[in-house]
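> Dropping the structure in here first, questions after.
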């Protein structure tokens with residue numbers, strides 16, 4: 001068991017006497033708070049706090065973080081209160097302990113919601129103070145080390161969550177040592193059978209590999225010494241989880257894993273990294289496809305090293321990683337390595353660190369993506385460890401996750417480029433935005449000013465960054481459209497009642513509506529937005545009283561008459577876009593309106609707006625509430641296909657259907673459904689459902705069909 005003296009010994013070299021005293025004070029406080037408590041393993045509870053603090057000391061963390069590590073469970077598992085903790089250790093230590101405590105307190109019914117809420121808390125805590133996650137990662141490692149004492153169901157749950165969330169977060173923060181330990185500890189419980197298979201495969205090779213590794217290590221060390229390159233060389237056998245991931249990713253057998261043995265060479269400068277690589281390649285042949293230069297092109301977590309795989313005289317393969325001491329420190333501890341140094345403002349250094357830019361994007365993503373399943377999917381995509389490296393035409397290196405498309409690349413370059421992307425050139429050849437990219441591709445994005453983001457792009461986008469910006473733009477358009485429609489609804493509601501609302505009475509009016517509907521209304525645009533989305537329905541009797549504060553004005557024409565007249569004149573007060581069918585608008589099935597023909601909107605309380613053709617019998621003759629009708633017109637930039645229904649009557653003549661289909665095909669229409677009926681008097685009729693572009697397209701088809709001599713009439717249904 002770790003003792004406090006072990007931690008103090010590690011800290012003594014870089015901490016002052018007052019800082020050491022803070023750690024001693026935290027230890028005594030934690031010991032008293034946890035007195036008499038034991039873990040399920042039977043160990044004193046304090047042993048866990050000491051293990052966590054010891055790991056933080058190994059990371060080189062500051063005295064505040066180590067003290068918080070010693071105290072991290074006192075708020076959750078003892079009677080100590082937050083004010084007591086702050087009084088004893090100050091605001092900073094108490095803040096970190098509270099941050100860790102909040103991560104543990106998630107009470108949600110559904111597993112997905114619970115996990116999404118856990119991740120949300122982690123992300124917010126990390127953006128507030130990154131040291132919270134360092135404590136949580138250390139806490140998670142020791143919990144995994146003592147997982148045997150828990151029920152099997154809980155073991156698997158904790159282990160799977162570790163592989164899904166905590167290990168990838170450690171990876172994105174560049175904390176290679178922590179990530180590796182989390183993965184191997186969790187893997188034993190997530191798939192114990194597979195873990196045992198890998199261990200049984202690796203175990204017999206350990207002794208043989210140990211001999212081979214020592215031999216190649218001596219040879220490389222001799223080569224470095226002969227060329228005056230300072231080098232510290234170590235070796236290892238590939239980790240179980242790393243082997244598992246390789247088997248899954250490449251779909252290979254155990255016997256096809258050739259890079260079980262790896263060496264690490266640490267030297268004093270970047271220049272000597274490349275010099276050492278040159279010496280090694282000169283001495284032994286290497287596999288070109290296995291060479292990676294992460295010094296020139298660092299990973300997103302800023303990992304840097306040279307990777308190569310050589311083949312010895314005995315035909316054995318060894319992976320070799322070459323890096324400087326600073327690179328090694330960053331590879332092991334990642335962003336936590338900052339705390340080893342004594343900069344004045346540590347948080348300022350982290351503010352622009354590339355490893356945490358994605359955190360801010362994830363916070364925005366969660367605010368806008370409330371669906372737990374979709375949020376977790378976006379998160380796991382963003383944390384995915386495999387990546388590709390592609391280039392801009394100017395040679396800038398862009399790192400993307402494996403599976404990213406040209407559209408993801410566009411949003412990675414700049415949001416505006418993504419929003420107006422019309423196509424791509426990949427390796428100087430035209431390609432679609434959905435093309436999946438691969439390492440080495442040179443990508444140029446083509447943009448067009450009048451091209452705008454479409455909802456279908458969400459099916460193409462792979463990265464959370466692209467999905468976030470697409471969703472945000474679509475939401476902005478929807479909100480803007482809701483406000484436009486809401487203004488029209490409000491205007492018509494006042495006009496039909498012959499009233500006007502004085503400006504000075506608007507705040508009181510909004511307060512009334514807010515009380516009656518529970519809608520948060522800060523201004524008229526909020527009201528318009530709720531009206532336009534159908535979330536507030538002015539025809540509700542409870543809202544009649546809001547008009548009592550209005551002032552009478554002369555009544556105008558009946559609303560339906562105004563609407564029909566306005567639409568006929570192509571009023572611009574409302575527009576419909578195809579994407580709106582996915583939101584608060586939909587095309588009426590009763591009349592199947594087609595782009596270009598006069599339309600009206602009908603508000604259905606709480607369900608949004610249904611678009612009807614002005615010719616629709618329900619609009620002309622139906623018992624509709626006139627307060628729910630308002631004018632609409634088509635957006636001319638709208639693209640897509642519409643469905644038109646036709647009824648044709650004529651003589652029952654052999655080959656008539658063939659003539660009809662030939663005409664429709666010639667004019668670019670598409671028959672979705674056809675139904676033919678014949679009658680005893682040699683008359684017949686054909687009902688068609690067609691896919692067409694707009695009303696002009698349909699009228700052209702009708703005109704040509706009427707030229708067929710056997711057809712006596714064509715009408716729309």
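> Please state which of the following conditions residue 440 fails to meet, knowing it meets all the rest: (1) surrounded by fewer than 17 Cβ atoms within 10 Å (Cβ to Cβ); (2) closer than 22 Å to residue 387 by Cβ; (3) in contact (Cβ under 8 Å) with a residue 40 or more places away in the chain; (4) in contact with a helix residue (DSSP H, G or I) (Cβ under 8 Å, 6 or more places away or on another chain).
So residue 440 meets the others, but not (4).
> Being surrounded by fewer than 22 Cβ atoms within 10 Å (Cβ to Cβ), modelled with pLDDT of 90 or more and over 37 Å from the mean Cα position of the chain (by Cα) is the requirement here; does residue 20 meet it?
The answer is yes for residue 20.
> Which one of the conditions (1) touching a helix residue (DSSP H, G or I) at 6+ places or on another chain (Cβ under 6 Å); (2) outside the structural domain of residue 39 (by TED's automatic domain parsing); (3) surrounded by 15 or more Cβ atoms within 10 Å (Cβ to Cβ) does residue 217 fail to meet, given that it meets all the rest?
Single failed check for residue 217: (1).
> While we're on this one: In this structure, is residue 204 touching a strand residue (DSSP E or B) at 6+ places or on another chain (Cβ under 8 Å), assigned by TED's automatic domain parsing to the domain that holds residue 321 and surrounded by fewer than 16 Cβ atoms within 10 Å (Cβ to Cβ)?
No: the conditions fail for residue 204.
> Yes or no: segment 268-282 includes at least one residue that is in contact with a helix residue (DSSP H, G or I) (Cβ under 6 Å, 6 or more places away or on another chain) and not in a helix (DSSP H, G or I).
no
> Based on what the data block shows, is residue 305 touching a strand residue (DSSP E or B) at 6+ places or on another chain (Cβ under 7 Å), farther than 17 Å from residue 221 by Cα, outside the structural domain of residue 440 (by TED's automatic domain parsing) and surrounded by 19 or more Cβ atoms within 10 Å (Cβ to Cβ)?
Here the answer is yes, as residue 305 does meet what is asked.
> Quick one: which of 184, 226, 191, 212 is surrounded by fewer than 21 Cβ atoms within 10 Å (Cβ to Cβ) and within 23 Å of residue 103 (Cβ to Cβ)?
184
> Oh, and also: Whether any residue in segment 448-458 is touching a strand residue (DSSP E or B) at 6+ places or on another chain (Cβ under 6 Å), part of a loop (DSSP other than H, G, I, E, B) and in the same structural domain as residue 532 (by TED's automatic domain parsing) is what I want to check.
no
> Does residue 52 meet the test of being assigned by TED's automatic domain parsing to the domain that holds residue 142, surrounded by fewer than 16 Cβ atoms within 10 Å (Cβ to Cβ) and assigned to a helix (DSSP H, G or I)?
No.
> Only one of these is under 16 Å from residue 137 (Cβ atoms), surrounded by fewer than 20 Cβ atoms within 10 Å (Cβ to Cβ) and in contact with a helix residue (DSSP H, G or I) (Cβ under 8 Å, 6 or more places away or on another chain): 101, 78. Name it.
After applying the criteria, what remains is 101.
> Follow-up question, since we're still on this one. Among the numbered conditions (1) in contact (Cβ under 8 Å) with a residue 60 or more places away in the chain; (2) part of a strand (DSSP E or B), tell me where residue 698 comes up short.
If we test residue 698 against (1) in contact (Cβ under 8 Å) with a residue 60 or more places away in the chain; (2) part of a strand (DSSP E or B), just (2) comes out false.
> Select from segment 445-460 the residues that are surrounded by 18 or more Cβ atoms within 10 Å (Cβ to Cβ) and under 19 Å from residue 392 (Cα atoms) and list them in ascending order.
Within segment 445-460, 445 is the sole residue that qualifies.
The values are calculated or read from the model by the stated rules, or taken from the named source; none is laboratory data. Bear in mind that the values here come from a model prediction, so they are computed numbers and not experimental data. Cβ atoms come from the backbone with ideal geometry, glycine included; neighbour counts cover every protein chain shown.
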